Amino acid sequence: MMAKAKAAKRKAAKTQAKMSPTISDPRVVKVRNPFALDPLMKKGGAHDKSFKAKRKSSKHLLRKQLAELSSLLFDSVLRLFR
């Protein structure tokens, strides 16, 4: 008697599993994140400086170093003529 009841429960569970949609079922529409499909989000990624910003920064650093060097040279030349 118990075996028949267990078998009936297993059969009912299998039938229910067949009827309920699962993730692998192609008929089920998966809920998607609407913000992930936004075209502006495709621009996302690693936050890195642009090539132009890097180039400008290196030019700025070079000019700063040249200014320091020229002031040192100018001071040394002035010392020579004193």
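The values are calculated or read from the model by the stated rules, or taken from the named source; none is laboratory data. These numbers come from a predicted model, not from an experiment. A quick note on method: Cβ atoms are made from the backbone with ideal geometry, for glycine too, and the neighbour counts reach across all protein chains shown.
Here are some notes:
- Test: residue in the range 48-56 that is in a loop (DSSP other than H, G, I, E, B) and either in contact (Cβ under 8 Å) with a residue 40 or more places away in the chain or not charged (D, E, K, R) (or both): yes
- Residue count for the range 1-43, restricted to those that are at pLDDT 70 or above and either touching a Cys at 6+ places or on another chain (Cβ under 7 Å) or not in a helix (DSSP H, G or I) (or both): 12
- Those residues of the range 29-73 which are among the hydrophobic types (A, V, I, L, M, F, W, C) and surrounded by 10 or more Cβ atoms within 10 Å (Cβ to Cβ), in sequence order: MET41, ALA53, LEU61, LEU62, LEU66, ALA67, LEU69, LEU72, LEU73
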